[in-house]
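The values are calculated or read from the model by the stated rules, or taken from the named source; none is laboratory data. Since the model is a prediction, treat every value here as computed from it, not as a measurement. All Cβ positions, glycine included, derive from the backbone under ideal geometry; neighbour counts span all protein chains shown. Surface accessibility is based on the protein's heavy atoms, side chains included, excluding ligands, DNA and RNA. Shrake-Rupley method; radii C 1.70, N 1.55, O 1.52, S 1.80 Å.
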Amino acid sequence: MTTKTAAQRGTAVSVKSLAITAICLVLVYVFTAVVNIRLPFAPNGGLIHLGNVPLFVAAILFGKRTGMIAGGIGMALFDLLSGWTLWAPFTLVIVGCMGFVVGAVTEKKKSFPFYLLALLLACAIKIGGYYLAEAVIYQNWVVPLTSIPGNLIQVGAAAIITLVVIEPLRLAACHTILRK
Amino acid sequence: MEPIIEIKNLTHIYSPNTPFEQRALDSVNLTIYQGETLGIIGRTGSGKSTLIQHLNGLVRPTSGQILFEGQDIWSSKELTHTIRFQVGLVFQYPEYQLFEETVYKDIAFGPRNMKLDEGEIDRRVRRAAAFAGLRDEVLSRSPFELSGGQKRRVAIAGVIAMEPKVLILDEPTAGLDPAGAASILANIETYRQANHATVILVSHSMEDVARLADRLVVVSQGTLPYVGTPREVFSHGEALESMGLAVPAMNRVFSRVRAMGVDIDPAVYTVEQAKAAILDALRKK
Amino acid sequence: HRLDPRAKIIFTVVYIVAIFLCKALVSYGLALVVLLLLIAISRVQPKVFLKGMKPVIFIVICTALLNLFYTSGTVLWSFGILKITEEGIWKAGFMVLRILMLIACTLLLTYTTSPILLTDGLERLLRPLKKVRFPVHELSMMMSIALRFIPTLIQETDKIISAQKARGADFDSGNLMQKAKALIPILIPLFLSSFRRAEELAIAMECRCYHGDEGRTSLRQLTMHGRDWGFVVFSVLLCAAIVVLRCFGL
Amino acid sequence: MATMIKAEHLTFCYPDEPADHPPVLDDVNLEIEAGSFVAILGHNGSGKSTLAKHMNALLTPTAGKLWVEGLDTADPENLLAVRGKVGMVFQNPDNQIVASVVEEDVAFGPENLGVPPAEIRQRVDTALHMVGMYDLREHSPHLLSGGQKQRVAIAGIIAMMPRCIVLDEATAMLDPVGRRETVDTIRTLNEKYGITVILITHHMDEAAQAQRLIVMAGGHIIDDGPPTEVFQHVDTLRSAGLAVPETVGLLYELKKEGLPVPLDAIRDEDCAAVLAGLLQ
């Protein structure tokens, strides 16, 4: 009801979508930094972060632009603030791509097969992307293979959780923010 | 009266051994009795949230004990888990915790976690909805379509459905209009009487606690400086003011009347008491 | 510490490029000396850097070992398929040094510059991109809102977890699928309340006449002082020096 | 006196509500004088927040008109001017603070208005002094208490130098100390600086401090007048889901018992004087 004003004035982004993207960005950061689940099978202590869940949710509910910005910046911000500074630029690009692709695939059709397709693509981007990134960082093609299992579990668990949560969340959001 | 919860020497320290170390509760002792209404008053940040979260085992004491019906709630894992069903805690602005597709399912979340059978769950959901003042047709609707006040009732029903022996409510009427607030407080009283439950009410309204509580607990800087009947607690007017609290309006008015040279007992806290006191004094004149 | 964030960002980028250009002992040595000097000036405790390196130690060792064993050259020692070459030792050493230096220099940026200043610095550096319709201002606005709301949403997450625990929710048992399901009572309220926050925030911003960056001014003015320019020039010189050294194969 | 806000036949329906749904605001006529301190009371859903949102063009009327110092809020050209004149403070203090440092948040409004940096600095400092938050200007907002956050929000509005501040249930989430801080702050603004204050609240003791009370129910204004007058209409207020201050409540009860007491002794001291008179 209020966002027209900004659009009328020709701003690139409406204030509401700016605020939503910013908050989604925070969610990605918070889930990466604090929300963890303990897995029954445990590679590195078994704690995995759920940062990819809000990334997927943001992309599916609010589209590719929000998904890209919230995901890329949110997770890069985590890298920046917690000592993975070197990874931040790569994360920005890789996770940004994930958000964009998920948003783009689910833009027209919101149904399970499309969610699944989108999330599989995102997994592929994540694993491939970080493989290449670490190959650049370490100047070596073998070492980055070691982080593939971790990434796979990370993003796979997030994909499963997203699939479980997304429909109830979308229905609930329809009563509130998506209404307008 | 039977004690139901006993707090013994409870101390809680947040982030111990760091520069942010903060003593939220300091050697607190308190006994809570079966069937009473206990009012908790204190400023934001006084430690009262930490206190109530100890009562259902959400927060673990740094030292000291919480006994529920004589047993330490941390003595066994099963007990710590089941204590949450015995001691129901309704957080501030509980409407933000709703998540299910329908009101019915949301209220059923607690009973379902108790692993009750479907028939019992159904009975409890309907009973709790009635206690919370929700009509049957609301049960099939989405909680997100309801008004703020209705959502609050759904959230309270979600805790009542676990049929806790102790029901703790943190500011249950915050942000509601006076009629909505009064009606929710009345609903809670109905539940207490029907189930012989203990009710612990955290409130900023001195008038509400004076009217509803059998006993009051004052929390200030992690300690409980005053515990007693409203009359006992409110007799420390100046000390309460220094803790950012106050005495009920009627008490203030009557103290002024007395200061004007009228011989009247200022220990009056509710409109009903005030009215009775005035009529009584007029009769004696 | 007190340098303009823009100068620091430029330095970090140039320095990373320089490290990748390093080829031999002299250039690595030069880069290392500069880095150690800066760390000393920054007065950030070395302990902090060691802590920051911890997560990558395992990978660094892996890289070192791989380089150690799989570089061809003069064989110094061998056992079955494992052989250590002179070149291998050098390469492994440089590899470890490079990774640690990369991490240290980025950590230096993070530890000496608040996220707010970093955002500001980046916004100003990227400002020319506005000409190609890149939403620099919007991104920096989002960043500053994000920094503001991180603690708030962390608190909110804790609160919702407690509230659902009070209703008997169990997050610690079951298989992955059950755990995923157990997260619904947290995720849905948290997302919804966050979205509501976003809506209210948008309204509050509009009420305060927010309408994009058209005609917008700023309380905080960043000015590049002499020493900031000096620092930029210094980093460019460093990079140039390393390029020159590279030509000489040093 | 000059008119700050004027509404004529103001009607508003949410566009996505079914057509048979009663309008949220139904033919409201209202005039608020510049420099006054007005409280608007009403139950949840009475339309009071919707009315408030019209005052700075967050919503525009479905029918009728609303003017802010003569500016029609429905005209998009007036948008920034209207928002520059009427500032709003909302219920949840967390959701209206934009920046991670107090003084930068206060600067947000003036920055949007394009005020030169040196003047922003000056306005920010003045505003923070006015709400008593100057010493905490470099703090992080999330470490402040609710009352302090609301005072920062108010400072953010003052720095835009508005003619009027609307507080939309801005005290609902605060504890009594925070409420007192907030209400004291806006009273000072009203008394010392002549800023028009429109306070929307559920708390009768806050409303009692205003010069004028407007009571809303079902999208209509059902009562309007000084507190001493409006609070005498105990039955009207109660039927609108509202309450009266305890002092008036007591006097009302005594009057029902046939005692000759006035109903306009709202303040503690006035009520005490009445009771003392009765008993002596």
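Values for this structure:
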quantity	calculated
Entirely in segment D:1-117, the strands (runs of 3 or more DSSP E) that have 2 or more residues that are under 24 Å from D:His202 (Cβ atoms)	D:3-12, D:25-33, D:37-42, D:86-89
Of all residues making up segment B:145-187, the number that are open to solvent by less than 40 Å² (accessible area, probe 1.4 Å) and over 23 Å from B:Asn113 (Cα atoms)	15
Residue identified as under 16 Å from the mean Cα position of the chain (by Cα) and either open to solvent by less than 50 Å² (accessible area, probe 1.4 Å) or aliphatic (A, V, I, L, M) (or both) among B:Ile52, B:Ile66	B:Ile52
Which numbered condition A:Gly74 fails, given (1) open to solvent by less than 40 Å² (accessible area, probe 1.4 Å); (2) away from chain C (no Cβ under 14 Å); (3) small (Gly, Ala, Ser)	(2)
Qualifying positions in segment C:142-162 - touching a residue at least 12 places away in the same chain (Cβ under 8 Å) and of a type in the set (A, V, I, L, M)	C:Met143, C:Ile145, C:Leu147, C:Leu153, C:Ile160, C:Ile161
3 or more residues within 7 Å of another protein chain (Cβ to nearest Cβ) and modelled with pLDDT of 90 or more: qualifying helices (runs of 4 or more DSSP H) within segment C:112-208	C:136-166, C:184-207
Qualifying residue in segment B:131-140 (condition: under 16 Å from the mean Cα position of the chain (by Cα), under 27 Å from B:Leu25 (Cβ atoms), more than 14 Å from chain C (Cβ to nearest Cβ) and open to solvent by less than 50 Å² (accessible area, probe 1.4 Å))	no
Candidate set from segment B:212-240 (those that are among the charged types (D, E, K, R) and in contact (Cβ under 8 Å) with a residue 60 or more places away in the chain); member that is farthest from B:Val271 (Cα to Cα)	B:Arg215
Output for segment D:58-100, where each listed residue is facing another protein chain (nearest Cβ under 7 Å), surrounded by 17 or more Cβ atoms within 10 Å (Cβ to Cβ), more than 18 Å from D:Ile32 (Cβ to Cβ) and not charged (D, E, K, R)	D:Leu79, D:Leu80, D:Phe90, D:Asn92, D:Asn95, D:Gln96, D:Ile97, D:Val98, D:Ala99, D:Ser100
Those residues of segment D:251-268 which are closer than 18 Å to D:Ala208 by Cβ and either outside any helix (DSSP H, G or I) or in contact (Cβ under 8 Å) with a residue 24 or more places away in the chain (or both), in sequence order	D:Val261, D:Pro262, D:Leu263, D:Asp264, D:Ala265, D:Ile266, D:Arg267
Test result for D:Ala210, under 24 Å from D:Ile5 (Cα atoms) and part of a loop (DSSP other than H, G, I, E, B)	yes
Per-region count, segment D:188-240, residues farther than 22 Å from D:Val261 by Cα and open to solvent by 30 Å² or more (accessible area, probe 1.4 Å)	14
Residue in segment C:26-44 that is modelled with pLDDT under 70 and either open to solvent by 20 Å² or more (accessible area, probe 1.4 Å) or of a type outside the set (Phe, Trp, Tyr) (or both) present	no
Residue that is modelled with the lowest pLDDT, among those in segment A:159-172 that are farther than 17 Å from A:Gly128 by Cα and surrounded by 20 or more Cβ atoms within 10 Å (Cβ to Cβ)	A:Ala172
Qualifying residue in segment C:218-227 (condition: open to solvent by less than 20 Å² (accessible area, probe 1.4 Å), outside any loop (DSSP other than H, G, I, E, B) and out of contact with any Gly (no Cβ under 7 Å at 6 or more places or on another chain))	no
Of residues in segment B:234-285 being surrounded by 17 or more Cβ atoms within 10 Å (Cβ to Cβ), within 8 Å of chain D (Cβ to nearest Cβ) and in a loop (DSSP other than H, G, I, E, B), the one farthest from the chain's Cα centre (by Cα)	B:Val262
Condition met for A:Ala58 (of a type in the set (Gly, Ala, Ser), open to solvent by 10 Å² or more (accessible area, probe 1.4 Å), modelled with pLDDT of 90 or more and part of a helix (DSSP H, G or I))	no
Qualifying residue in segment D:179-187 (condition: open to solvent by 40 Å² or more (accessible area, probe 1.4 Å), assigned to a strand (DSSP E or B) and of a type in the set (D, E, K, R))	no
Single unsatisfied condition, A:Thr106 versus (1) among the hydroxyl-bearing types (Ser, Thr, Tyr); (2) open to solvent by 10 Å² or more (accessible area, probe 1.4 Å); (3) at pLDDT 85 or above	(2)
Among the candidates D:Asp184, D:Asp175, D:Asp135, D:Asp168, residue that is acidic (Asp, Glu), touching a Ser or Thr at 6+ places or on another chain (Cβ under 6 Å) and more than 14 Å from chain C (Cβ to nearest Cβ)	D:Asp175
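Yes/no per residue for (1) assigned to a loop (DSSP other than H, G, I, E, B); (2) at pLDDT below 65; (3) open to solvent by 10 Å² or more (accessible area, probe 1.4 Å); (4) small (Gly, Ala, Ser):
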| residue | (1), (2), (3), (4) |
| --- | --- |
| A:Lys16 | no, no, yes, no |
| A:Ala19 | no, no, no, yes |
| A:Cys24 | no, no, no, no |
| A:Val28 | no, no, no, no |
| A:Thr32 | no, no, no, no |
| A:Pro40 | yes, yes, yes, no |
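For (1) modelled with pLDDT under 90; (2) within 16 Å of D:Ala272 (Cα to Cα), each residue gets a yes or a no:
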position	(1), (2)
B:Arg231	no, no
B:Gly237	yes, no
B:Leu240	no, no
B:Asn251	no, yes
B:Val271	no, yes
B:Lys275	no, yes
B:Leu279	no, yes
